[in-house]
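For reference, the structure discussed in these notes is given below.
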Amino acid sequence: MTELSAQVLTKRFGGVHAVEDLSFTAPAGKITGFLGPNGAGKTTTLKMLLGLVEPSSGEALVGGRHYRELPQPRRVLGAVLETTGVHPGRRAGDHLRILAGAAGLAPGRVGEVLEQVGLKDAVRRRIGGFSMGMRQRLGLAAALLGDPEVLVLDEPANGLDPEGMAWLRKLLRGLAAEGRTVLVSSHVLSEVAQTVDDVIIINKGRLRYSGPLAGLAAGPVVARTSRPQELAGLLAGRSFRVEISGDSALNIFGATAEEVGEAAAAAGIPLSGLAGAGASLERAFLKLTSSDVESTAATGPAAAGMGAYHE
């Protein structure tokens, strides 16, 4: 299995530290969210992983190797960094066939990936007429051409409607279930919270948190219901970690009481009790990237269940 990792990764542009002493691992078989405010160093880090930017020091590794050392990179790593740069007059199928030919991939993969991303009927359509969401799907198709072990996706939900987001979530979970490594950078925190297993949060080029999504919760929300199994299944489907306690109580990690209450109400599941503030990803993100928080290169687990929380 192939994982992504950064080891004391640093990039300076003149006197500006875009990334500084950044270390993390995105493991195989999981979806890892890569988060940070604008200017945090996310795009620079992704470009170093893909060999597009040379680190000032440290290493960005794909399965323990630099990207440039991979003998058949498209078979190892597929990436979507932006949806621009595609000739608008070119047909979708032709665009992918050119990419496949350049990478030495079988032309038969073109039809397979177009079907995989829901663009089978658009194979002869010109890209200039594509919506933003269709361009995102086409970018995903290009990333999947080599049937890669690793996917690196920058803002893959841009332009997708709610149905498209649900489709993307299902696709990424299926790929991770096959043992692939999926790294997703996104600003859509509500969608990230429903999709990822682990989270890497950076601010000002330095690591603020690395660990399970559930580790960001300050404590569980406690809900009581006469239908605990049904509610547990519903919440687990939304990527919250749930523990059933006794005959009617549930401990829900990574959610707020409001989120639990709204989910139960929408499903018609009665609640006899609901307590605990929990912690949403958005709240934790804002806390970790607050301008008055100074980052350091500290490593190791921190207190209060914050996983590898750095401050």
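Taking segment 149-177 on its own, how many of its residues are modelled with pLDDT under 95, part of a loop (DSSP other than H, G, I, E, B) and among the acidic types (Asp, Glu)?
Qualifying residue count, segment 149-177: 2.
Scan segment 188-200 residue by residue and report those that are in a strand (DSSP E or B) and either surrounded by fewer than 24 Cβ atoms within 10 Å (Cβ to Cβ) or outside the structural domain of Leu171 (by TED's automatic domain parsing) (or both).
Hit for segment 188-200 is Asp198, nothing else.
Hey, which of the helices (runs of 4 or more DSSP H) in segment 24-135, taking only ones fully inside, have at least 2 residues that are of a type in the set (A, V, I, L, M)?
Values: elements: 42-49, 73-76, 92-102, 109-116.
Here the list reads 42-49, 92-102, 109-116.
Going by the conditions given, is Gln116 in contact with a Pro (Cβ under 8 Å, 6 or more places away or on another chain), touching a residue at least 12 places away in the same chain (Cβ under 8 Å) and surrounded by 15 or more Cβ atoms within 10 Å (Cβ to Cβ)? Before you say what the answer is, go through the steps one by one.
Working: in contact with a Pro (Cβ under 8 Å, 6 or more places away or on another chain): no; touching a residue at least 12 places away in the same chain (Cβ under 8 Å): yes; surrounded by 15 or more Cβ atoms within 10 Å (Cβ to Cβ): yes.
Here the answer is no, as Gln116 does not meet what is asked.
Within the set of pairs 6 or more residues apart or between chains, which connect a residue that is modelled with pLDDT of 85 or more inside segment 69-91 to a residue that is among the aromatic types (Phe, Trp, Tyr) with Cβ atoms less than 8 Å apart?
These pairs meet every condition: Pro73/Tyr67; Leu77/Tyr67.
If Leu235 passes every condition in (1) hydrophobic (A, V, I, L, M, F, W, C); (2) assigned to a helix (DSSP H, G or I); (3) within 19 Å of the chain's Cα centre (by Cα) but one, which one does it miss?
Every condition holds for Leu235 apart from (3).
Hey, any hits in segment 274-285 for a residue that's within 30 Å of Ala40 (Cα to Cα), modelled with pLDDT under 85 and over 20 Å from the mean Cα position of the chain (by Cα)?
The answer is yes; a qualifying residue exists.
This table checks each residue for (1) closer than 30 Å to Ser290 by Cβ; (2) in the same structural domain as Gly39 (by TED's automatic domain parsing); (3) touching a Leu at 6+ places or on another chain (Cβ under 8 Å).
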site	(1), (2), (3)
Ala100	no, yes, yes
Val113	no, yes, yes
Val123	no, yes, yes
Ser131	no, yes, no
Met134	no, yes, yes
Gly174	no, yes, no
Asn203	yes, yes, yes
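Given the conditions (1) part of a strand (DSSP E or B); (2) modelled with pLDDT of 95 or more, which single one is not true for His17?
Among (1) part of a strand (DSSP E or B); (2) modelled with pLDDT of 95 or more, His17 violates only (2).
Go through (1) of a type outside the set (Gly, Ala, Ser); (2) crowded, with 22+ Cβ neighbours inside 10 Å; (3) out of contact with any helix residue (DSSP H, G or I) (no Cβ under 8 Å at 6 or more places or on another chain); (4) not in a strand (DSSP E or B) and name the single condition Leu207 misses.
Result: Leu207 fails condition (4) only.
Answer yes or no as to whether Gly101 is over 27 Å from Ser239 (Cα atoms) and either buried (at least 17 other Cβ atoms within 10 Å of the Cβ) or out of contact with any helix residue (DSSP H, G or I) (no Cβ under 8 Å at 6 or more places or on another chain) (or both). Spell out the reasoning first.
Numbers: over 27 Å from Ser239 (Cα atoms): yes; either buried (at least 17 other Cβ atoms within 10 Å of the Cβ) or out of contact with any helix residue (DSSP H, G or I) (no Cβ under 8 Å at 6 or more places or on another chain) (or both): yes.
Here the answer is yes, as Gly101 does meet what is asked.
The values are calculated or read from the model by the stated rules, or taken from the named source; none is laboratory data. All figures in this text were calculated on a predicted structure; none of them were measured in a lab. Because the Cβ atoms are built from the backbone with ideal geometry, glycine has one as well, and the counts that use them run over all protein chains shown.
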